[in-house]
C-alpha cells in the first residue's frame, strides 16, 4: 500500500487504488452481498433525517460521534446509494494504518478496500495540503469522527479543534450525524437478540473563514449532541 505523499494532490487521489474502478466495484459488491446483510442480520438500523441529504449537491463532510466499533458500518448502511458510492472515511493514521501483520499493513488495506478509508493526520502546515481537503476537492465526501477516538461508553467527548481547521479549508457543507446504540447487539456481547441502532442525519451546516476553528468544533459537537433527542 502506497503511503500518501507529504503534500497530497488531486492526481494522487485519482491514482489511489482504493478510489479506482476495480476497488469501487468490489466494495459495492461486498456491501451489497455480505457486509450490509450481516449488519442488518444482527442490528435493526433505523435512519432518521435522510431528507436532509436530498437537496445537497457535491461532496460533503459527515461529522459523527464514535460510540461503537461498527459506527462506520451503521452510517454507510443508512446512506442512500448516491452518497455511499462517493464516500471516503478519515481513519486514524496510527491505529488503523499503523499496525502491520507479517510486515504488511493488512488492517489499513482492508479499511481502504471496504470503506475507502484513508489516514487522517490533522494539518501541521497549510490545511489545503491535508489529504482530507484534497479528497473533498477531488469530489469525495468524507466521514470523520471529530472526537478523535472511540468512546464505547456512549458519552460524546470534546470535538477536536483541528477538525474545525479542515472543515473550513474544504469549504464543504457539514452534515452532523448522531449514532445511538439503543440496544446492544452481537458486537457488544448480546448473543441472543438483535441490537437497535439509530443513525440521525442533521441539517447541513457551512462554515466560512470568519468562523474560528474552535467555534466550528464546539458548534458541531453541540449539534451532534442535540440529535440524540430525536425519536
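What follows draws every value from the coordinates through simple rules; no lab data is involved. Bear in mind that the values here come from a model prediction, so they are computed numbers and not experimental data. Backbone-built Cβ (ideal geometry, glycine too); neighbour counts: all protein chains shown.
Shown for 186, 144, 152: other C-beta atoms within 10 Å of each C-beta, ranked fewest to most, produce the order 152, 186, 144. The packing ranking of peptides 215-226, 194-205, highest mean first, is 194-205, 215-226, where packing means the average number of other beta carbon atoms within 10 angstrom of each residue. A Förster radius of 30 Å combined with the Cβ-Cβ distance from residue 157 to residue 182 puts the calculated FRET efficiency at roughly 0.90. Spin-label pair residue 110-residue 215: with each label point 7 Å from Cα along the Cα-Cβ axis, the two points sit 4.4 nm from one another. Segment residue 206..residue 32, full-extension length gain: 59.4 nm, with 0.36 nm per residue of separation and the alpha-carbon distance subtracted. Packing-based ranking of 28-34, 38-44, 176-182 yields 176-182, 38-44, 28-34, ordered from highest to lowest mean Cβ neighbour count within 10 Å. Each label point was placed 7 Å from the Cα along the Cα-to-Cβ direction; for residue 86 and residue 42 their separation is 3.2 nm. The alpha carbon gyration tensor of segment 10-227 gives principal lengths a ≥ b ≥ c with a/c below 1.5, which makes the shape rounded.
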